[in-house]
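Heads up: the structure comes next, in structure tokens.
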Amino acid sequence: MVIKVLHHGLATTVQDLGRPGYFHLGIPVGGAMDRYAMRAANLLVGNDEGAAGLEAVFIGPKLEFTEDALVAVTGADMPAKVDGVAQPGWTAFKVKAGQTLTFDFLKSGARICIAISGGIDVPEALGSRSTYPIGALGGFKGRPLAAGDELPVGTGRLASEGKSVPEAMQRKPGMPAELRVLPGLYWHRVTEQSQENFFADEWKVANEADRMGYRFKGGRKLDFVEREQPFGAGSDPSNIVDSCYPYGSIQVPGGTEPIILHRDAVSGGGYFMVGTVISADMDLIGQLQPHTPTRFVKVTMEEALAARGERRTALARLREALA
Amino acid sequence: MTTRYSFGGDEHLFVECSEEMSLEAFFKSLSMARGVRDSGIRGVTEICPANASFQIKFDPDIIHPDDVLKEVKAIEGAAAKAEPVLKTRIVEIPVFYNDPWTHETLMRFRERHQDPTGTDLDYAARINGYGSVDDFVGAHSGSPWFVSMVGFVAGLPFMYQMVERQRQIQVPKYLRPRTDTPRLTVGHGGCFGCIYSVRGAGGYQMFGITPMPIFDPTQTTSYLRDFMVFFRPGDIVKFKPIDRDAYDQAVEDVDKGRFAPPIREVTFDLRDYQKDIDGTNAKLEGLLHGH
């Protein structure tokens, strides 16, 4: 069947769990910013966790269904409505042929994941259906959705409506948000005082926050350890000889506003990095709205691995709960 | 060159072969990155070579980060002893310097530039000590370039000029990045040249444009049917200045599927190059043109 896009929302893209394997050529992994939410939405409607769904930021799309389907909306709190009737979040509900799915205003979080039984059936590009708009790759014609698009949807399995993710298993950022960071990479480039300030200060998400990266403002400027700049690095003390950027790495151009690279990251560049957000906290970043107060929390590798283990356990419980 | 290791969170190992850029550092990083690839360390999912460093992505559910570190360190010794010889290819890229499209763009963003009174080419020629833009273009297209990294965005090559350090073209990036750069712009920032594979933001000085697509997600361009990205680290590039007529002709050829960039297989030995840069470059160019 197809779903007719009546309105695209703000920026709604087809996403799955990403396209690993091409970062060495500058093509990022992409995929849902909030992986846990996308997995949950898919499981709720009887899809594989890696099926393609829609990710919408701040404003939901308006979608007309041409056949019956099961739908689940997870992630941010942005209530779904079927022909105007409110539906619960993190729960599978039915949309009948001819009905329209719309969304209320965003209450908390930033991004919703919309799973539809059968999954969005656009062709795979380099092994994934995720949209990489800069490269016009994947997704629906390589771009965010637009009004008038007709989205192909696969054939769903028989799954029952009403299945729900228990409240305790829905993950949301705290207030202030806390992001755990393993210092490293070019951490030694800033003074000890700046290293302390970075973790002591309260930062706020800036307006420049998207799938490529999240910028933060409000903390004290970082001071650099003096050195003669290496050949090829560029003259600013925050410059390095262009290197790869890890997902989650935090670069601070000019020492002023940290930027965390996310799923659609540029693969490298010439700015030094102070460290990397741990894998367990990457999903949370995608749910931060501009102006959200945020603290960076310093952790060790062992703490990062323990946190990763906790996320793995949480995912196993989710699968069990929705089996 | 001291190698420095650091973890990028719990999923990445960053290996810096040298703080400063040089062909030696590039060869060391490429050789180590290949060593890591060939050793097939379990749990390693991606290896990204960069100019003077590289990055490994791994799955810490499969291998402990300390074990990745141990195995990569063990490869460093062997990589250092490896012969600095690279089997690669040289490709000729036509460039329409001083073209109307980058010119329109650089005028639109003039207030973000160090020298709003001239063009990027005027500025780059002057600060690099060339008497005219023609002399500068002569230098830019006169020697080959090494693709020392592919990335930033899909398929974008960073290129390192194959001349003595004191002759290398160096320019600062724009004071504030542009929000627009024409697709296939030939740019330069710091000591690196680049070709913008897609249209978008950018901070490098703009010198010209090539008619030759280097990234094609539709894989319809004749030489990109097998894979959508043209460049690989280690490729050698030689620019060929062309005029408007030749540019238009090449664009038409690309559209009709009959554009074929001249490409030759070459073996590059860093030691020969270090002994005689101009001689090595002359040989490379000879190979390119079938001498």
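Read-outs: derived from the displayed coordinates by stated rules, not from any lab. Every value quoted in this text rests on a predicted model; they were computed, and no experiment measured them. For neighbour counting, all protein chains shown are included, and Cβ atoms are generated from backbone atoms with ideal geometry for every residue, glycine included.
When you restrict to C-alpha pairs under 8 Å that are six or more residues apart and normalise by the size of chain B, the relative contact order lands at 20 percent. Between A:ASP201 and A:PHE105, the FRET efficiency estimated from the beta carbon spacing at R0 = 30 angstrom works out to 0.45. Give the calculated FRET efficiency between B:ARG165 and A:LYS172 to the nearest 0.05, with a Förster radius of 45 Å applied to their Cβ-Cβ distance. With R0 = 45 Å, the Cβ-Cβ based efficiency is 0.25.
Once the Cα gyration tensor of the protein assembly as shown is found, what semi-axes does its equivalent ellipsoid get, as square roots of 5 times the eigenvalues, in whole Å, sorted largest first?
Working: eigenvalues 361, 161, 107 Å².
Taking √(5λ) for each eigenvalue gives 42, 28, 23 Å, largest first.
What is the distance in Å between the Cα centres of segment B:192-234 and segment A:11-68? Segment B:192-234 and segment A:11-68 have Cα centres spaced 28 Å from each other. By the equivalent-ellipsoid construction on the alpha carbon gyration tensor, chain B comes out with semi-axes of 33, 21, 21 Å, ordered largest to smallest.
Using 0.36 nm per residue and subtracting the Cα-Cα separation, the extra length available between B:THR2 and B:ASP243 on full extension is 82.2 nm.
Peptide B:236-249 is shielded by partner chain Cβ atoms: per residue, an average of 0 of them sit within 10 Å of its Cβ. Taking every alpha-carbon pair under 8 Å whose residues sit at least 6 apart, segment B:4-82 reaches a relative contact order of 34 percent.
The alpha carbon radius of gyration of segment A:176-241, expressed as a multiple of 2.2 N^0.38 Å, is 1.27.
Taking 7 Å steps out from each Cα toward its Cβ at B:ASP255 and B:ARG225 produces label points 2.1 nm apart. Name the residue, out of B:LYS240, B:LYS173, B:LYS256, whose mean-square fluctuation peaks in a Gaussian network model built on chain B with Cα pairs under 10 Å. Looking only at B:LYS240, B:LYS173, B:LYS256, the biggest GNM fluctuation is shown by B:LYS256.
Using bins of 10 Å that start at zero, the share of Cα-Cα pairs per bin across segment A:1-77 amounts to 18, 45, 30, 7, 0, in whole %. If only the Cβ of Lys and Arg carry +1 and only the Cβ of Asp and Glu carry -1, the dipole of chain B around its Cα centre is close to 60 debye. Taking a ≥ b ≥ c as the square roots of the eigenvalues of the Cα gyration tensor, segment B:89-171 is classed as oblate, since a/c reaches at least 1.5 and a/b does not exceed b/c.
Springs join every pair of Cα atoms under 10 Å in this Gaussian network model of chain B, and among B:MET159, B:MET149, B:MET21 the largest mean-square fluctuation is at B:MET21. If the Kirkwood radius is taken over C-alpha pairs of segment A:2-164, then at 25 °C and 0.890 mPa s the Stokes-Einstein diffusion coefficient equals 161 µm²/s. For segment B:200-291, the set of GluC sites (Glu not before Pro) satisfying both a DSSP loop assignment and a count of at most 13 other C-beta atoms within 10 Å is empty.
From the P(r) of chain A, can you give the percent of Cα pairs sitting at distances over 32 Å?
Counting pairs separated by more than 32 Å, the tail of P(r) holds 30 percent.
Taking 15 Å as the straight-line reach from the Cα of A:LYS298, the aspartates and glutamates in range (excluding those fewer than 8 positions away in the same chain) are A:GLU178, A:GLU192, A:GLU196, A:ASP201, A:GLU202, A:ASP281, B:ASP10. Largest first, the extents of the alpha carbon coordinates of segment B:4-82 on the three principal axes equal 36, 22, 17 Å.
Grab the DSSP H runs of chain B that are 4 residues or longer, score each as -39,500 (n - 2.57), total them, divide by all residues and round the 222 nm result to the nearest 500 deg cm²/dmol. Please report the intermediate quantities before stating the final value.
Values: 8 runs with 89 residues, N = 291.
The helix-only estimate for chain B comes to -9500 deg cm²/dmol at 222 nm.
Compute and list, largest first, the equivalent-ellipsoid semi-axes of segment B:81-133 from the alpha carbon gyration tensor, each √(5λ) rounded to a whole angstrom. Before the final figure, lay out the partial values.
Details: eigenvalues 220, 50, 30 Å².
In descending order the semi-axes read 33, 16, 12 Å.
Distance check, please: which entries in B:LYS28/B:LYS70; A:LYS204/B:LYS57; A:LYS172/A:LYS217; A:LYS107/A:LYS217; A:LYS62/A:LYS141; B:LYS57/B:LYS283 exceed 27 angstrom between their Cα atoms?
Working: B:LYS28/B:LYS70 18 Å; A:LYS204/B:LYS57 29 Å; A:LYS172/A:LYS217 22 Å; A:LYS107/A:LYS217 23 Å; A:LYS62/A:LYS141 19 Å; B:LYS57/B:LYS283 38 Å.
Distance filter (> 27 Å) returns A:LYS204/B:LYS57; B:LYS57/B:LYS283.
For segment A:100-177, chymotrypsin sites (Phe, Trp or Tyr not before Pro) meeting the loop criterion (DSSP other than H, G, I, E, B) and having at most 14 other Cβ atoms within 10 Å: A:PHE105.
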